[in-house]
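K.L.:
The structure follows.
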Amino acid sequence: MLHFATALVDAGVQVTFLHTEHNLRRLAQAPLPPRLRLLSIPDGLPDDHPRSFLELLESMCTTSSATYRSLLLSADAPVTCVVADGTMQFTIDIAEELGIPALAFAMHGACSYLALLYMPKLGESPFPADDPVCGVPGMEGFLRRRDLPRGLYYAEQGHKTPGCSSSPRSPLVPARHVHSYSTPPRPWSNQRSLTLRRAQAIAIGPLHARSRFAASASLWQEDDGCMAWLDGHEDRSVVYVSLGSRAVITHEQFTEFLSGLVATGYAFLWALRPDMVQMTSSTLLREAIGAVEGGKARVVEWAPQRDVLQHQAVGCFLTHAGWNSNLECAMEGVPMVCWPFFSEQQINSRFVGAVWRTGLDMKDVCDRGVVERTVREAMDHGVRRDQRGGPSYGAAVEAECRGAGVVVVVRVGAARPLHQGAQHQVLLKPRTNED
């Protein structure tokens, strides 16, 4: 979302980026465009709170509404549009109550968004089984029950068992038009299917490739020392591992991942957050990885992911299949091994393995033997973009992802129509971390 804000600034729009006070203190560590104005509101949680997404959402809905309303009413210049995180329903409701046009920003692909829309009507719950799902238009031939979105509560507790499904919180109303990329039509065309659901959707990604803002939008402090470590390795000889900013795994799962990676014989770079493994200190985790023979492992709390994926030493990416990671891998032509964690990541990984063929889907399995075999296959048979005839391969993959691009869902309510030449917008980014 920060890349979207900076792209608007580049286009001459006056933008105010609204964060929580807690997140803004972390964001202040990163260089930002000088013309991007930053404001914050309290999230209602103490400083030492771990801020799981669901707890943050509940707290903000009950404690932040009044401050947010006051900010919109007292802005130095009239607020002509609000672009809000689609999970923060209260921000859209308040904007429309004040007569301000509001757009809900969905930070995942349109195909997964479409499946989320249809979840209440499917009559099926996510379950680790290969039973076909026939209720999502265009996905009848490959979508399985195990590919359906899974609830965040169970994921945040470290469970990989099925939970309550997630669905978009913002209600949708009849669309007036749909903007899309000029890509060839496909059976699972996102814009056409979203039109059938009468949602006004606009594909705007890949944002990281369109923004001139080079710095990471993550709230985690990047350790760029790993780049020199990558320089010391041959082309396509390193596995990059990152399960995103929210995944929580058990110590047993950590051990299976580590054992499988070591068994491949490849060097690996692991972005391992301090809070990622349940009931285990980060020091013990680092010691376990540091014991790998031959110095073939490097662990950092957070890596400069775009730079890592662009490095010639990286041969594949073991990932949670978050949408940003999908887009970044597509742009760089890096094969993926997907171990999805929650929500739309389940569908993303299915598209990677069965539709786009840009990687392998390893969902619902955390076994050292499977990790070894899957990573070996990606490293031994995956081919980077620049080794498949130059940029044509990357362009083809990018076109595939654009066909399922990031979407903005527009709610057309009581607010006045959008006007061209708007001079002031407020963007809300209240999440704990970027995915």
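K.L.:
Could you list, in sequence order, all residues of the range 293-351 that are without any contact (Cβ under 8 Å) to a residue 60 or more places away in the chain and of a type in the set (D, E, K, R)?
P.N.:
Passing the criteria: Glu293, Lys296.
K.L.:
Can I ask one more? Whether any residue in the range 92-114 is more than 23 Å from Ser343 (Cβ to Cβ) and among the aromatic types (Phe, Trp, Tyr) is what I want to check.
P.N.:
Within the range 92-114, none of the residues are more than 23 Å from Ser343 (Cβ to Cβ) and among the aromatic types (Phe, Trp, Tyr).
K.L.:
Go through the range 93-133 and give me each residue that's modelled with pLDDT of 85 or more and of a type in the set (Phe, Trp, Tyr).
P.N.:
Answer for the range 93-133, where residues must be modelled with pLDDT of 85 or more and of a type in the set (Phe, Trp, Tyr): just Phe105.
K.L.:
Quick one: is Leu243 assigned by TED's automatic domain parsing to the domain that holds Pro340, without any contact (Cβ under 8 Å) to a residue 60 or more places away in the chain and buried (at least 21 other Cβ atoms within 10 Å of the Cβ)?
P.N.:
Judged against the criteria, Leu243 is not a match.
K.L.:
Shifting gears a bit: Looking at the structure I just gave you, is Ser349 touching a strand residue (DSSP E or B) at 6+ places or on another chain (Cβ under 8 Å) and farther than 21 Å from Glu256 by Cα?
P.N.:
Against the criterion (touching a strand residue (DSSP E or B) at 6+ places or on another chain (Cβ under 8 Å) and farther than 21 Å from Glu256 by Cα), Ser349 does not qualify.
K.L.:
Here is a list of conditions, (1) more than 18 Å from Trp220 (Cβ to Cβ); (2) touching a Lys or Arg at 6+ places or on another chain (Cβ under 6 Å), and Pro42 meets all of them except one; can you say which number that is?
P.N.:
Of everything listed in (1) more than 18 Å from Trp220 (Cβ to Cβ); (2) touching a Lys or Arg at 6+ places or on another chain (Cβ under 6 Å), Pro42 misses just condition (2).
K.L.:
Could you tell me whether the range 63-86 includes any residue that is in contact with a Phe, Trp or Tyr (Cβ under 6 Å, 6 or more places away or on another chain), assigned by TED's automatic domain parsing to the domain that holds Thr16 and surrounded by fewer than 19 Cβ atoms within 10 Å (Cβ to Cβ)?
P.N.:
Yes: the range 63-86 contains one or more residues that are in contact with a Phe, Trp or Tyr (Cβ under 6 Å, 6 or more places away or on another chain), assigned by TED's automatic domain parsing to the domain that holds Thr16 and surrounded by fewer than 19 Cβ atoms within 10 Å (Cβ to Cβ).
A quick yes/no check of all residues on (1) within 30 Å of Pro206 (Cβ to Cβ); (2) modelled with pLDDT of 85 or more; (3) within 25 Å of the chain's Cα centre (by Cα); (4) among the β-branched types (Val, Ile, Thr):
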position	(1), (2), (3), (4)
His3	yes, no, yes, no
Gly12	yes, yes, no, no
Thr16	yes, yes, yes, yes
Arg25	yes, no, yes, no
Ile41	yes, yes, yes, yes
His49	no, no, yes, no
Glu58	no, yes, yes, no
Pro78	no, yes, no, no
Thr91	yes, yes, yes, yes
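K.L.:
Of the conditions (1) in contact with a Pro (Cβ under 8 Å, 6 or more places away or on another chain); (2) part of a helix (DSSP H, G or I); (3) closer than 30 Å to Ala104 by Cβ; (4) at pLDDT 90 or above, Lys363 clears all except one; give me its number.
P.N.:
Going through (1) in contact with a Pro (Cβ under 8 Å, 6 or more places away or on another chain); (2) part of a helix (DSSP H, G or I); (3) closer than 30 Å to Ala104 by Cβ; (4) at pLDDT 90 or above one by one, Lys363 breaks only (2).
K.L.:
Next up: Assess whether Val355 counts as being buried (at least 24 other Cβ atoms within 10 Å of the Cβ) and either at pLDDT 90 or above or in the same structural domain as Ala378 (by TED's automatic domain parsing) (or both).
P.N.:
no
K.L.:
Just to verify a result, which residue in the range 27-36, among those that are within 24 Å of the chain's Cα centre (by Cα) and either farther than 30 Å from Met279 by Cβ or among the β-branched types (Val, Ile, Thr) (or both), is surrounded by the fewest Cβ atoms within 10 Å (Cβ to Cβ)?
P.N.:
Per the criteria, the residue is Pro31.
The values are calculated or read from the model by the stated rules, or taken from the named source; none is laboratory data. Only a predicted model underlies this, so the values are computations on that prediction, with no experimental measurement involved. Every residue, glycine among them, receives a Cβ derived from its backbone with ideal geometry; neighbour counts consider all protein chains shown.
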